[in-house]
1. Tell me, which residue of segment 280-314 that is farther than 18 Å from residue 93 by Cα and without any contact (Cβ under 8 Å) to a residue 12 or more places away in the chain is farthest from the ligand (Cβ to nearest atom)?
2. Does at least one position in segment 348-361 carry a residue that is outside the structural domain of residue 49 (by TED's automatic domain parsing), of a type in the set (D, E, K, R) and touching a residue at least 40 places away in the same chain (Cβ under 8 Å)?
3. If you go through segment 29-47, how many residues are assigned to a helix (DSSP H, G or I) and surrounded by 19 or more Cβ atoms within 10 Å (Cβ to Cβ)?
4. Quick one: in segment 325-351, of everything that is of a type in the set (Phe, Trp, Tyr) and assigned to a strand (DSSP E or B), which residue is nearest to residue 365 (Cα to Cα)?
5. For segment 232-264, give me the residue count where each residue is within 14 Å of the ligand (Cβ to nearest atom) and not charged (D, E, K, R).
6. Condition first: touching a Ser or Thr at 6+ places or on another chain (Cβ under 7 Å) and not polar (S, T, N, Q). Now tell me which residues in segment 277-297 satisfy that.
7. Among the residues that make up segment 244-255, is at least one of them part of a strand (DSSP E or B), over 26 Å from residue 132 (Cα atoms) and under 22 Å from the mean Cα position of the chain (by Cα)?
8. Suppose we filter segment 78-107 for residues that are outside any strand (DSSP E or B) and farther than 20 Å from residue 279 by Cβ; how many remain?
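The values are calculated or read from the model by the stated rules, or taken from the named source; none is laboratory data. What you see is a predicted model; the values in this text were computed from it and never measured. With ideal geometry, Cβ positions are generated from the backbone for all residues, glycine too; neighbour counts draw on all protein chains shown. Only protein heavy atoms, including side chains, enter the accessible area calculation; ligands, DNA and RNA are left aside. Shrake-Rupley method; radii C 1.70, N 1.55, O 1.52, S 1.80 Å.
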Amino acid sequence: MTTRIVIVGGGSAGTITANLLARNLYKEVTSGKVVINMITDNPDHTYQPGYLYVVFDKVRPDEIVRKQKDLLDPHINLFVDPAVKIDRDNRVVVTKSGRQFDYDYLVIATGSRIVPEDIPGLKEGSYWFYDMQSALRLREALMNFNGGKILLSMGIPHKCPVAPLELTFMMYDYFKERNMLDKVQLHYTYPINRLHVLEPVSDWTIGEFERKGIKYDTFFNMEEIDPAKNVIRSMEGDELGYDMLITIPPHKGAQVIEDSGLGKNGWVSTDRRKLINTGYDNVYVIGDTTDIPISKAGSTAHFQSDVVAERLTSIISQGDTVIEYDGKVVCFVETGFDEATYIWFNYNTPPKPTPPSRMLHWMKLGYNRLYWLTARGIL
Ligand SMILES: Cc1cc2nc3c(=O)[nH]c(=O)nc-3n(C[C@H](O)[C@H](O)[C@H](O)COP(=O)(O)OP(=O)(O)OC[C@H]3O[C@@H](n4cnc5c(N)ncnc54)[C@H](O)[C@@H]3O)c2cc1C
């Protein structure tokens, strides 16, 4: 009998999981006892942390994009055909072209997406850097910026909770290099009572912002933007003006999740240790699309992929598993153009940012190049 594994989503989590499964189950896959089908909606695979460097012209767009088929083990069947329905009761995924993929085990790895249209005026009035086009647009706007107030306004949840801090620190160095610090005022707002969801990171950020003269406000939840007047209003009733507005738009999970009734706003209810969809032992959920209250980050996706690949390998080859996810997340955080800090944490251990150093910055740059080995399941 053939065991059919279907992986929906060919981003970080889906790709790592698929490659690890193909390697762990090599004998079963090559003999046809296990079939791995990947369904994704894009023939290209983008290393999203690279957008940050595109903004400052530190990498070219083509350096952070690869063909998805080139990243996959040749024994994995790739279908570039968006999933439009996930039917857990009948164990089938339906795609846009009408194909039906029956499965014994399903891995949902459809990530998250930005929905700028959810805040009136945001699309017309603000810049962001969460896709290639917007990163290039921001790059050009910064090049042409001659001085004034730059307001950085964030909403949560969003993927990579440290990315807006990195952007702010890098922007500081960008204007320092251009001898413009006296002409530019950076002002950062965050929706909760601190500057980052994790308290130790927030405390550390406050120190760094005060040292650099970066202004900040908390409890600022974006409600609407008036691009004609250059003002942003918050749900708390505050109003701030700007010369340039940079935001992280609201995030949701993939449309197919909501359309299939799998979870509100596209977040799928997930057991935080077993990584299974609540109530469905044969459905795994990994990466940004889980509703687990931890960072939506590439490293989260990576460590969860290791766990799911090991769990499925044990279940398929031995009938059971005891492997669980401990909540591990690791992040190198750029604190400018030359230095970075580092945090790691899990369900039991809070993060503790280390003093920024050049070495950590080079480690982040090194990892940016090594990511393609991670995607292939090698690193
Ligand atoms: C600017 C920026 C900076 C970042 N920096 C960092 C960092 O420094 N460190 C870090 O750890 N993380 C960082 N991240 C976050 C990281 O990129 C994501 O958390 C990670 O990619 C999540 O992996 P995923 O597989 O869950 O989602 P994704 O990698 O987004 O993959 C989801 C996949 O699902 C596909 N898909 C969606 N809908 C469908 C459908 N209906 N049918 C089929 N396929 C579908 C998508 O096309 C995509 O290929 C950053 C992200 C951004 C945007």
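1. Across segment 280-314, the extreme among qualifying residues is 314.
2. yes
3. 1
4. Taking the candidates together, the pick is 332.
5. The total comes to 14.
6. Correct list: 285, 286, 287, 288, 291, 292, 294, 296.
7. There is no residue in segment 244-255 that is part of a strand (DSSP E or B), over 26 Å from residue 132 (Cα atoms) and under 22 Å from the mean Cα position of the chain (by Cα).
8. 6
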